[in-house]
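Notes follow the structure.
The values are calculated or read from the model by the stated rules, or taken from the named source; none is laboratory data. Not measured: the values here are computed from a predicted model. Cβ coordinates were reconstructed from backbone atoms using ideal geometry, including for glycine residues, and neighbour counts include every protein chain displayed.
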Amino acid sequence: MKIDILTLFPDMFLGFKTQSIVKRAIEKEKVEINIIDIRNFTPYKNNQVDDYQFGGGGGMIMMCEPVFNAVENIRTPDSHVILLTPRGKTYNEKKAYELKNKKHLIIICGHYEGFDERIYTLADELISIGDFILTGGELPAMMISDSVIRLIDGVITSTSLEYESFNDNLLDYPVYTKPREFRGMSVPDVLVSGDHKKIKEYRESERLRITKEYRNDLL
Ligand SMILES: C[S@@+](CC[C@H](N)C(=O)[O-])C[C@H]1O[C@@H](n2cnc3c(N)ncnc32)[C@H](O)[C@@H]1O
């Protein structure tokens, strides 16, 4: 899979590409991530990419030409263009599984007061990451890319993905590691019993209990 992220602030992605599972996925050639500076595509002097809005009002608006030029420079028939905006449908794990099957994602990050309205015509899909406002689309782009990359075959072990929260309508079961006793809190006996049938039953019932307690709305 290839992910091209269009941004005015490429340096925000430095740590994202060089750490942890995303770094390993790049090294294993499971994903190619290109951070593309929208400023490189502006036809205006002094790398201008934003301007005041017609009709008055605060804040700068991202201009059409740099974003259109950038998208048109990289888009192919395999591309799926995502525009990050509070207007979009709220992102979730189901969408992550859907996006993992795309060959090429182009993710456009807004900044300042947002996009000139005509930029929306470039998008195959509008995505929001929740009902709150961020300064830019860079964090949403990282969140979406991260959640998609970890689902690509061979990036993490398939058993890690098997029982994760949101795969169905349940949250994940509780997990423990050493030590078995910590400040009066013990690892449940069943987990060290070696009885795999019982462990499976315990985990299933814990998933239900935890979902009821924390996210009853999922049930
Ligand atoms: C300050 S926001 C613009 C908000 C816009 N004026 C509004 O009220 O809808 C700048 C950019 O950050 C990104 N952004 C902010 N909040 C977001 C969210 N919840 N989901 C996705 N992108 C978001 C978008 O790309 C947006 O164009």
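When segment 110-155 is limited to residues that are away from the ligand (no atom under 12 Å from the Cβ) and within 18 Å of Leu8 (Cβ to Cβ), the one that is nearest to the chain's Cα centre (by Cα) turns out to be Ser145. Just one of the numbered conditions (1) assigned to a loop (DSSP other than H, G, I, E, B); (2) within 12 Å of the ligand (Cβ to nearest atom) is not true of Ile107: (1). Using the structure shown, decide if Pro188 is outside the structural domain of Lys102 (by TED's automatic domain parsing), surrounded by fewer than 14 Cβ atoms within 10 Å (Cβ to Cβ) and in contact with a Pro (Cβ under 9 Å, 6 or more places away or on another chain). Yes: the conditions hold for Pro188.
In segment 43-56, which residues are in contact (Cβ under 8 Å) with a residue 24 or more places away in the chain and over 27 Å from the mean Cα position of the chain (by Cα)? Across segment 43-56, the qualifying residues are Pro43, Gln53.
Across segment 43-64, a minimum of one residue is classified as at pLDDT 95 or above, within 28 Å of Ser147 (Cα to Cα), of a type outside the set (Val, Ile, Thr) and touching a strand residue (DSSP E or B) at 6+ places or on another chain (Cβ under 8 Å). Of all residues in segment 64-100, count the ones that are in a helix (DSSP H, G or I) and not hydrophobic (A, V, I, L, M, F, W, C). Final tally of qualifying residues: 10. Regarding Ile26, is this residue more than 23 Å from Ile129 (Cα to Cα), touching a residue at least 60 places away in the same chain (Cβ under 8 Å) and β-branched (Val, Ile, Thr)? Considered against the rule, which asks whether it is more than 23 Å from Ile129 (Cα to Cα), touching a residue at least 60 places away in the same chain (Cβ under 8 Å) and β-branched (Val, Ile, Thr), Ile26 comes out as no.
Considering only residues that are without any contact (Cβ under 8 Å) to a residue 24 or more places away in the chain and not polar (S, T, N, Q), which ones fall in segment 95-116?
Quick first cut of segment 95-116, residues without any contact (Cβ under 8 Å) to a residue 24 or more places away in the chain only: 98, 101.
The one that is without any contact (Cβ under 8 Å) to a residue 24 or more places away in the chain and not polar (S, T, N, Q): Glu98.
Checking each residue in segment 71-90 for being in contact with a Leu (Cβ under 8 Å, 6 or more places away or on another chain) and without any contact (Cβ under 8 Å) to a residue 12 or more places away in the chain picks out no residue at all. Residue count for segment 110-142 under the criterion of being buried (at least 16 other Cβ atoms within 10 Å of the Cβ), in a helix (DSSP H, G or I) and aliphatic (A, V, I, L, M): the result is 4.
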